[in-house]
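What follows is one structure encoded as structure tokens, with my remarks underneath.
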Amino acid sequence: MNIQTVADKASRILENEELCDHCLGRQFAQLGHGLENWERGAIIRDIEKEELDEDSFVRENIPEDAEYGKGSGSCELCDNIFGEVDRYTDMVIDSFERYELETFLVGIRPPEEVFQAEEDLWEEYSVEWTEPVKTELSRLIGKRIEDRTDLSVNFERADIMAVVDMREGKERVELQVNSLLIYSQYNKYSREIPQTEWHCRNCRGSGCDECDWTGKNYPTSVQEEIMDPFLRESKAIEAKFHGNGREDVDAKCFGRREFVLELIEPLNRDLDLEALQEEVNESTDKIEIFETAWTHKDKIEEIKETRTDKAYRAKIELSEDVDVEDLEVLEQLIGTIEQRTPERVEHRRADKVRKREVYEIDYEKTGECQIEIDVKAEAGTYIKEMISSDGGRTEPSVAGLLGVEAECTHLDVSWVEKVGNE
């Protein structure tokens with residue numbers, strides 16, 4: 001570094017600009033350690049300019065008469081904004097009053113004239129060693145909040161982000177409340193509920209004769225059976241359900257399917273997850289949840305995007321009876337099968353042929369024209385169509401191999417691979 005550069009920049013600024021210690025020192029914010037910018041500004045004013053260099057910014061060089069906010073009332077850049085830090089701190093703390101939180105972060109929208117004055121200063125004297133005014137204000141307000149409360153700053157994922165709008169006529173605090181994210185697993189014991197709420201296709205949730213004015217195709221769902229106690233205790237405005245795939249409405253699930261429950265804008269964050277899990281399980285016989293725990297935002301994408309293998313048990317009705325020995329042909333299902341998009345979902349899925357792997361299959365004859373199979377297959381395998389052939393759309397199939405019509409009458413998910421093999 002050219003030592004003269006520091007002194008030259010400081011001299012030019014002092015000769016041509018009327019700045020407070022905050023705004024002067026902020027132009028050299030990256031020099032020295034453990035100093036506030038107003039202390040850097042005081043050092044610059046106190047040391048002979050020909051002696052000023054990068055090593056000057058140390059605590060022992062701070063003059064005895066240095067004080068916070070000195071000269072800010074006449075500053076051409078900030079116009080005493082640093083004299084208002086305590087008032088802005090009060091505004092943020094007051095905005096937190098309704099919320100239960102442990103961590104926070106402060107964001108700043110500085111006055112437009114301050115923002116422009118800073119841009120002009122940088123253009124004239126360069127941005128080397130500088131720090132934006134909004135960064136300093138955020139840090140100062142954050143430190144004051146920490147000093148006056150039990151809260152702490154968290155840069156990774158704060159409970160609440162408080163954005164202080166300092167622009168004229170818009171002065172306020174906007175809160176961005178981070179969701180509570182709860183990991184769990186569920187079993188579904190009903191063949192009459194979907195995973196998430198289904199709005200009536202006719203009225204799209206507004207209510208009509210077709211849905212008996214409920215706005216829904218089904219009275220309840222896995223999501224609704226789970227979320228009510230969590231909404232009540234957190235006082236969140238809504239809940240979102242992020243599942244690792246979904247089973248058909250008429251399929252039971254015994255495989256403990258993973259999901260993340262997202263509670264939006266909660267007032268309360270200190271939840272007893274064990275007690276809430278117990279409450280859910282005691283309140284319904286339609287579902288059961290397990291392994292409930294706090295999680296992080298990356299888990300949502302991991303849960304939703306990871307394709308997991310599954311195992312199923314299916315009861316099948318055949319159009320003609322078959323001998324036990326005939327069932328051996330079903331072992332030909334192991335390997336790659338080809339499935340064109342089933343007719344029942346072609347209205348919402350692209351019409352194409354998908355290749356899926358079937359890993360294991362067991363079978364037994366349970367009665368006249370009745371068999372059961374246990375099958376383990378790749379994620380995305382259409383099991384009902386693997387049984388019926390779906391008019392030849394799936395090859396091979398149970399129906400095709402046995403040479404009879406085959407209908408899946410009951411389907412259960414017996415195992416679901418856990419994300420990350422947890």
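Please treat every number below as a calculation from the coordinates, not as lab data. Keep in mind that what you see is a predicted model, and the values were worked out from it rather than measured. Note that each Cβ is placed from the backbone with ideal geometry, even for glycine, and that neighbours are counted across all protein chains shown.
For residue 167 and residue 360, FRET efficiency with R0 = 60 Å and r from the beta-carbon atoms, rounded to 0.05?
Numbers: r = 64 Å, r/R0 = 1.07.
After rounding, the FRET efficiency stands at 0.40.
How large is ³J(HN,Hα), in whole Hz, for each residue of segment 294-308 in order, when computed from phi with the Karplus curve 6.51 cos²θ - 1.76 cosθ + 1.60 and θ = phi - 60°, using x for Gly and Pro?
Running phi through 6.51 cos²θ - 1.76 cosθ + 1.60 with θ = phi - 60° gives 5, 9, 10, 5, 5, 5, 4, 4, 4, 5, 6, 8, 7, 8, 10 Hz.
Quick one: work out the % antiparallel among DSSP beta bridges in segment 3-177, nearest 5.
45
Cut-off is 10 Å between beta-carbons; in what order do 265, 48, 225 appear when sorted fewest neighbours first? Write out the running numbers ahead of the final one.
On the way: 265 17, 48 7, 225 21.
Fewest-to-most ranking of 265, 48, 225: 48, 265, 225.
Classify segment 180-305: rounded, prolate or oblate, from the alpha-carbon gyration tensor (a ≥ b ≥ c, eigenvalue square roots; a/c under 1.5 rounded; otherwise prolate if a/b is larger than b/c)?
In terms of gyration-tensor shape, prolate.
Quick one: order 91, 227, 166 by neighbouring beta-carbon count within 10 Å, fewest to most.
By the 10 Å Cβ count, ascending, the order reads 91, 166, 227.
Explain nothing, just the number: dipole magnitude of segment 134-256 about its Cα centre with +1 on each Lys and Arg Cβ and -1 on each Asp and Glu Cβ, in debye rounded to the nearest 20. Each step should come with its number before you reach the end.
Values: 20 positive and 23 negative charges, 78 e Å.
Dipole size: approximately 380 debye.
Give the long-range amide H neighbours of residue 322: residues separated by 5 or more places, or on another chain, with amide H under 5 Å away, using H modelled in the peptide plane at 1.01 Å from N.
Close amide H contacts, sequence-distant or interchain: 369.
Among 28, 230, 96, which comes first, second and so on when ranked by fewest other beta-carbon atoms within 10 Å?
Arranged by neighbour count, lowest to highest, 28, 230, 96 become 96, 230, 28.
So what's the back-of-envelope 222 nm ellipticity for the chain, counting only DSSP H runs of four-plus at -39500 (n - 2.57) apiece and dividing by all residues, rounded to 500?
That comes out to -8000 deg cm²/dmol.
Once you keep just the Cα pairs under 8 angstrom separated by 6 or more residues, what percentage relative contact order results for segment 310-421?
Answer for segment 310-421 is 40 percent.
Sorted by mean Cβ packing within 10 Å, highest first, what order do the peptides 249-261, 8-20 take?
The most tightly packed comes first, giving 249-261, 8-20.
Could you grab the relative contact order for the chain? Cα pairs under 8 Å, six or more apart, rounded to a whole percent.
Normalised by residue count, the contact order of the chain is 12 percent.
For Cα Rg over 2.2 N^0.38 Å, which listed value, (i) 1.18; (ii) 1.49; (iii) 0.94, comes from the coordinates shown?
Checking each listed value against the structure points to (ii).
In degrees from 0 to 90, rounded to the nearest 10, what is the angle of the helix 112-125 Cα long axis to the longest principal axis of the chain?
70
Whole-Hz Karplus ³J(HN,Hα) for segment 354-360, in order, using 6.51 cos²θ - 1.76 cosθ + 1.60 and θ = phi - 60°, x for Gly and Pro?
These are the phi-based 3J(HN,Hα) values: 10, 9, 10, 9, 9, 8, 9 Hz.
Any idea what angle helix 133-148 forms with the longest principal axis of the chain, computed on alpha-carbon atoms, 0 to 90 degrees, nearest 10?
Helix 133-148 sits roughly 80 degrees off the main axis of the chain.
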